[in-house]
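Read through the structure below, which is laid out as structure tokens, and then see the notes.
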2 protein chains.
Amino acid sequence: MISDKLSHITKTMKSSMIRELVASTRGIEGLISFAGGFPSPKTFPAETLSKLYAQVLAEEGSTVLQYGASEGDPLLKEELQKWEGLQIDPARILITAGSTNAIYYMTRALVDPGDVIICEAPSFLGSLVAFEASGADLIGIPLDMEGIDLVQLQQKVDELQSAGKRVKFIYTIPDFHNPAGLTMSYQRRKDLIEYAIAMDIPILEDNPYSRLRYSGEALPTLFKIANEEYLNDEVVTEIVSFSKILGPGMRLAFAKGSKTLIERMCSWQQKINIAPDNISQRVAARFLAGGFMDPHIQMCCDFYRPYLNKMLDAMAKYLPSYIQYTKPEGGIFTWLKLPEDMNADELFERAKAHKISFIPGSKFYPTGQERYNNLRLNFSFSTLEQIEEGMQSLGKLMDEFYT
Amino acid sequence: MISDKLSHITKTMKSSMIRELVASTRGIEGLISFAGGFPSPKTFPAETLSKLYAQVLAEEGSTVLQYGASEGDPLLKEELQKWEGLQIDPARILITAGSTNAIYYMTRALVDPGDVIICEAPSFLGSLVAFEASGADLIGIPLDMEGIDLVQLQQKVDELQSAGKRVKFIYTIPDFHNPAGLTMSYQRRKDLIEYAIAMDIPILEDNPYSRLRYSGEALPTLFKIANEEYLNDEVVTEIVSFSKILGPGMRLAFAKGSKTLIERMCSWQQKINIAPDNISQRVAARFLAGGFMDPHIQMCCDFYRPYLNKMLDAMAKYLPSYIQYTKPEGGIFTWLKLPEDMNADELFERAKAHKISFIPGSKFYPTGQERYNNLRLNFSFSTLEQIEEGMQSLGKLMDEFYT
């Protein structure tokens, strides 16, 4: 029996509970969903991509259909550097089949079973399950309004190191955090980098959302600050996804880090995927070279802005006064903090019966470190009318539920 | 320093020696190469694919650019079943980003460090390094003219099991073996399956080449025999790659196996790649639905046949009588067995100086189990004239070298 032969980690690893939650609301007629994390299909540049795919195959078919470099298409690397206004050694860039893919390679490159990965609590579930599947011990550090709590981080690292544990890296989502909707302040970015340099602990900066800013000033990434202000090319590895700007069906992301680490991540890529898809890489290179990217991102921001504004208005108008929430300037999520004794998993069941759905916050914590008094709302999927109506109902439900 | 933090497996894992060998001949002017394993770009259906990519994006852009199912596109699964003339539960099929990717998932699903994987010796290096990166102990079993040597296999398995080792699966490439050019006989296929069922040891059937048959009768795959003749839906997992029929730049393959195993492989896919690229999956579905596949494969076979024939002629004409070789009916490789005391690694250096390149056989064995008196020749890359000229030179070189 094959089921007797499964590896230890396969038998014990968690699956994404979010999938099952979302599945449990499938088929509810008239459901208003704030649960998903999907970009709006209306933002996909399908027409431009259709032309570019056709061109790439017609003009470079014999090149792009052949085996490509495991480290990624050199032309795409060139275009990425121009787009980001960065001049780094191309050997410090790895193209991957999406950002989860790059996160997995970094984890395999660094983590032995029993090693510690520090993450924010809450954090992106997809990464947490990938970390746990490497046999890592995951330790979550709470967020305050400026980002990861550095006092608690330092205490925890000291404690872990005194206990002989190896802390392999700190995982953070500084811009429009999933699920918390927060953006790390400039000062906190610098403090975190200084701490990481002093302690020689690498940082994994997950950056799927920073380009989706609808108001306010963009902050430099941790990668940029570390390289340009601290002249440190090793402490931060940044992973940028194309999923929220081109479309997640096209599996494409890139990682930037130290030459040493990127080389090892590339060895893992060679063993697991051989190389990323050549065709989509060359299409992305042409999308950038053709000047399509910046206007497209502008369009995405213009598209999402009214949804964020509607959600901010609706939260102000309908949520009971004892509910706290983040006020993001971009991304696709906001995060609600409920009173300590209010359980969002129970609220989820109640809301589902009233055809409203969201993700209970407990799903975004490492196993055993769950907190139950918070929840995530997505505002990129429902219509403006649904946001109005859904938030009105949710506010009412909360009051009935809590009092 | 990041180099102090690498995981144990990352520090110890092998890279592909073939890459380095091929790199060592780069820039040699006038080199005749029998080394690579690349399909000929002349076989790529770039024109048809150009149209299909454009159509898929234009007609289904908002679907294919969105997140897709981790198990793969249901439409592609349907077309694959029609193409293969198989009716199995779609939950027994997983689409992946190439066959190495599927091999990695199966390995992660089954293998704990210290477990044993049995492979043919020689075998495909890309799989061997992926197996070794899982911490598996790799045991190679020699091939005879009908395929894997069952007597030696049984002895070895008994020995391993007596020593308390867990044999997790047997890895085989039954059709147009890479590197050996061999095709496993029908009887050996049945004997291997019977043995595997009796011993409850899964088989991983790697099938990148079976469609590239230029003469003779196709044999049923191990998967088909197990399912249809032994009514066993668990013992064989077959992985089919599109790399040699559509083009490896488009990362696409599919695995068929038991529902239990495919489900676990899918969990790994979700953690590592989220899902395969949606666009290329839908394009492949249309390629099959449009009836392009069978004529295209016919064209590939017609294209490669003269190269195989030229290689067979040239081997007969120019190789010294003490060299034995396989006479494949398809695929892209042939395999030479040299006298025991003739070292192909040394011959490689001598040949390189004379602008001829191949892969010494020692590269295709598990670490520590190398054999040095054989070599692999590829016949899908050079021109017919180069095959004639290169084999004439190689034959002469062998005689000078050996006598």
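A short reminder: the numbers here are calculations on the coordinates, not readings from a lab. The model shown is predicted, which means the values in this text are computed figures rather than measured ones. Here Cβ is always computed from backbone atoms with ideal geometry, including for glycine, and neighbour counts include all displayed protein chains.
Before moving on, here are some points about what is shown:
- Mean shadow area of region A:330-403, taken as a quarter of the surface of its Cα convex hull (nm²): 5.4
- Rounded to the nearest angstrom and listed largest first, the equivalent-ellipsoid semi-axes of region A:191-280 from its Cα gyration tensor are 25, 21, 8.
- The stretch between A:ALA218 and A:LEU75 holds 48.8 nm of extra length on full extension. This uses 0.36 nm per residue minus the Cα-Cα distance.
- Distance from the alpha carbon centroid of region A:380-395 to that of region A:222-277 works out to 36 angstrom.
- Ellipsoid equivalent to the protein assembly as shown - semi-axes via the Cα gyration tensor, in Å: 48, 27, 27
- Rounded to the nearest 0.05, the FRET efficiency derived from the C-beta distance between A:SER393 and A:LEU150 at R0 = 30 Å is 0.20.
- Residue mean of other protein chain beta carbons inside 10 Å, B:45-53: 6
- As an equivalent ellipsoid, region A:114-174 spans semi-axes of 18, 17, 7 angstrom, where each value is the square root of five times an eigenvalue of the C-alpha gyration tensor, largest first.
- Mean separation of Cα contacts under 8 Å (6+ apart) over length of chain B, as relative contact order %: 25
- Region B:246-363: C-alpha gyration tensor shape, a/c 1.5 cut-off, then a/b vs b/c: prolate
- Long-range amide H partners of A:THR221 with built H, under 5 Å: none
- Integer Hz, Karplus 6.51/-1.76/1.60 couplings in order for region B:330-340, x for Gly and Pro: x, x, 9, 10, 10, 10, 10, 9, 9, x, 3
- Spatial separation of Cα centroids for region A:64-136 and region B:136-159, in angstrom: 38
- Max-minus-min Cα coordinates of region B:140-242 on each principal axis give 44, 29, 25 Å, with the largest extent listed first.
- Net length available on complete extension from B:MET1 to B:ALA198 is 65.8 nm, with 0.36 nm assigned per residue and the Cα-Cα distance removed.
- Whole-number Å³ per residue for the convex hull built on Cα positions in region B:47-292: 120
- Note on B:GLU228 and B:ASN343: the model spin-label points, each 7 Å out from Cα along the C-beta direction, lie 4.9 nm apart.
- Cross-link table A:LYS310/A:LYS355; A:LYS77/B:LYS355; B:LYS42/B:LYS396; A:LYS77/B:LYS256; B:LYS317/B:LYS352, entries beyond 26 Å C-alpha to C-alpha: A:LYS77/B:LYS355; B:LYS42/B:LYS396; A:LYS77/B:LYS256
- Ordering of A:107-114, B:204-211 by packing is B:204-211, A:107-114, highest average first (other Cβ atoms within 10 Å, averaged per residue).
- Taking 16 Å as the straight-line reach from the Cα of A:LYS168, the lysines in range (excluding those fewer than 8 positions away in the same chain) are A:LYS156, B:LYS5, B:LYS11.
- Counting Cβ atoms of other protein chains within 10 Å of each Cβ in B:249-261 and taking the mean gives 4.
- For A:ASP137, residues with placed amide H under 5 Å, excluding near neighbours: A:GLY114, A:ASP115, A:VAL116, A:ILE117
- Taking the three principal axes of the alpha carbon atoms in region A:82-207, the coordinate ranges are 44, 32, 28 Å, sorted in descending order.
- Mean Cα-pair separation over length for region B:267-403, i.e. relative contact order, pairs under 8 Å, 6 or more apart, %: 26
- The charge dipole of the protein assembly as shown, taken about the Cα centre with unit charges on the Cβ atoms of Lys, Arg (+1) and Asp, Glu (-1), comes to about 620 debye, rounded to the nearest 20.
- Other-chain or far-sequence residues with amide H under 5 Å of B:ASN374's (modelled H): B:LEU338, B:ALA344, B:GLY361, B:SER362
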